[in-house]
Amino acid sequence: MSGMNILSVASEIYPLIKTGGLADVAGALPGALARENMRVVTLVPGYPAVMAKLEKPTPAHRYDYFFGAPAQILAGKGCGLDLFVLDAAHLFARPGSPYLDPNGVDWADNGLRFAALARAGADVAKGPIPGFAPDLVHVHDWQAALTPAYLHYDGGSRPATIITVHNLAFQGGFPPTILGAIGLPGHAMNIDGVEYYGSVGYLKAGLQFADRITTVSPTYAREIMTPEGGMGLDGLLRKRADIVSGILNGIDDEVWNPATDIHLPQPFNSQRIDNRPRNKTILQKRMDLAPRPDAPLFGLVSRLSWQKGVDLLLEALPALVADGGQFAMLGSGEKALEDGFAEAARRHAGSVGCVFAYDEGLAHLIQGGADFLLVPSRFEPCGLTQLCALRYGAIPIVTRVGGLADTVVDANEAALSAGVATGLQFAPPNAVELAHAIRRAKALFQDDAATRRTRLNGMRADVSWRGPAKRYAQLYRELAGAPAAAAAAA
Ligand code: ADP
């Protein structure tokens, strides 16, 4: 099949606006898909950060009245990306986070704001913008998830739809009274429609009406169909199991390239791995750790939240620092966790160093200097830090869940003797198993040849977007052949 036009609908896109991995995916996929002969235009809300970077905006569609006031869709480019921007100042011209008010609380009208995004997505999907008739619509997470529902209730012909779930924990539930305000019919409020435990469930609606459901790793795709991992949506996902699949995320291998990284005092690659220890020395200095080349140095780059299992790490720290282990952490999030790590840094001065911030440069230095990178998540749809770690030679230590299970080959005896190990896995996620994994890592570290081999295997693994883009393109091509019939199955 020749080239396809894809409409992507997302509430954030790197590098214009980012709060998490969704932005990375929405920002990186269009470029990777261009090599697969796919033209992707992304519809995003007109937040101030987006409006400021939009080049040559051209009005493409006008609304006299749209969720409370006039609005328009602008076509243009931003940071090299093809964009449609929903210019609705009454909904999006607000500073700071896309989702939270200045007090850190969800904007009270988030239900309207993201219904508006999805409504605009459905309108563009039907081809009212000259020169862009989408062959397929790809929506991301709850914020865009009503698009397939609008297309369903609008009736008439429509392109095929895919929804990608980046984290099932965020579902977008709103009171039933919102139904009229967002322009959905009363009969949508039932179990086969948008109703979800008495609320209007935006993600639920997307899962109900999209022609395909993807998530960001094959293991997470299986996990979300179980009662333990399904967060209330497993029943619906099991019912639609034959259209659910997992496609791993990649990372931008230009941004994450240890050979050219300006944040590394000493760049390196798999041929020049002997340059790497210099970064460890600088990292130790930066984190107030003892300058000891022989100490196994464990890094962490993470949001500090329950999902990320960092509380388990606090419990396992005595095992980590025993016999000379060191710990360098960069993260921010829950106050109690920050306090716990600050206290640990005082208690284990010279062995534990913490920075509580969001710091891109330090994240790169930890990846390029630490011997191991810890990712003890309780659940992890895909995870990006372990991919960066593989590329930068920081051997990942991960829980055997979600995308972590799919991207790290455990250094068990069989994998070591076959020469294919890239890291260490442990399960279940608890402090005892984590401490055990840390001890295994220390034992590996005593064996120079095995450590080097494991490090190099990781560095040579393909963690780029090339493979994932091919899989998305294949899915798009399959789906564009048979749209409407699949939709009716919901
Ligand atoms: P999530 O999106 O759930 O937070 P991911 O592993 O998918 O987790 O993505 C996290 C991304 O954010 C990674 O690229 C990681 O390097 C980056 N990151 C997380 N915390 C920090 C921090 N404190 N400083 C710099 N980068 C961070």
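The values are calculated or read from the model by the stated rules, or taken from the named source; none is laboratory data. Computed from a predicted model, the values in this text were never measured in an experiment. So basically every Cβ, Gly included, is an ideal-geometry build from the backbone, and we count neighbours across all protein chains shown.
Might you let me know whether the stretch 366-376 holds any residue that is more than 22 Å from ARG292 (Cβ to Cβ), without any contact (Cβ under 8 Å) to a residue 40 or more places away in the chain and crowded, with 24+ Cβ neighbours inside 10 Å? Scanning the stretch 366-376, I find no residue that is more than 22 Å from ARG292 (Cβ to Cβ), without any contact (Cβ under 8 Å) to a residue 40 or more places away in the chain and crowded, with 24+ Cβ neighbours inside 10 Å, so the answer is no. Looking only at the stretch 371-424, residues that are within 17 Å of ASN457 (Cβ to Cβ), within 15 Å of the ligand (Cβ to nearest atom) and out of contact with any Asp or Glu (no Cβ under 9 Å at 6 or more places or on another chain) come to 10 in all. With the checklist (1) assigned to a helix (DSSP H, G or I); (2) over 27 Å from ARG113 (Cα atoms) in hand, flag the one item THR260 doesn't pass. Only one criterion in (1) assigned to a helix (DSSP H, G or I); (2) over 27 Å from ARG113 (Cα atoms) is unmet by THR260, namely (1). Scanning the stretch 411-431 for residues that are surrounded by 18 or more Cβ atoms within 10 Å (Cβ to Cβ) and either outside the structural domain of ALA363 (by TED's automatic domain parsing) or of a type in the set (Asp, Glu) (or both) turns up nothing. When only residues in the stretch 280-333 that are within 16 Å of the ligand (Cβ to nearest atom) and hydroxyl-bearing (Ser, Thr, Tyr) count, which is farthest from GLU380 (Cα to Cα)? This residue is SER332. Restricting the search to the stretch 357-386, which residues are more than 16 Å from the chain's Cα centre (by Cα), within 25 Å of HIS166 (Cα to Cα) and in a loop (DSSP other than H, G, I, E, B)? ALA357, TYR358, ASP359, PRO376 - these are the residues of the stretch 357-386 that are more than 16 Å from the chain's Cα centre (by Cα), within 25 Å of HIS166 (Cα to Cα) and in a loop (DSSP other than H, G, I, E, B).
Taking the conditions exactly as written (among the hydrophobic types (A, V, I, L, M, F, W, C), in contact with a helix residue (DSSP H, G or I) (Cβ under 6 Å, 6 or more places away or on another chain) and surrounded by 19 or more Cβ atoms within 10 Å (Cβ to Cβ)), does ILE6 satisfy them or not? Against the criterion (among the hydrophobic types (A, V, I, L, M, F, W, C), in contact with a helix residue (DSSP H, G or I) (Cβ under 6 Å, 6 or more places away or on another chain) and surrounded by 19 or more Cβ atoms within 10 Å (Cβ to Cβ)), ILE6 does not qualify.
A single entry from ASP252, ASP261, ASP294 fulfils the requirement of being without any contact (Cβ under 8 Å) to a residue 40 or more places away in the chain and either out of contact with any Cys (no Cβ under 7 Å at 6 or more places or on another chain) or within 25 Å of PRO468 (Cβ to Cβ) (or both): ASP294.
Here is a yes/no grid of residues against (1) in a strand (DSSP E or B); (2) of a type in the set (Lys, Arg); (3) in the same structural domain as PRO134 (by TED's automatic domain parsing):
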position	(1), (2), (3)
MET51	no, no, yes
HIS61	yes, no, yes
ASP64	yes, no, yes
ILE73	yes, no, yes
ASP82	yes, no, yes
LEU91	no, no, yes
ARG94	no, yes, yes
SER97	no, no, yes
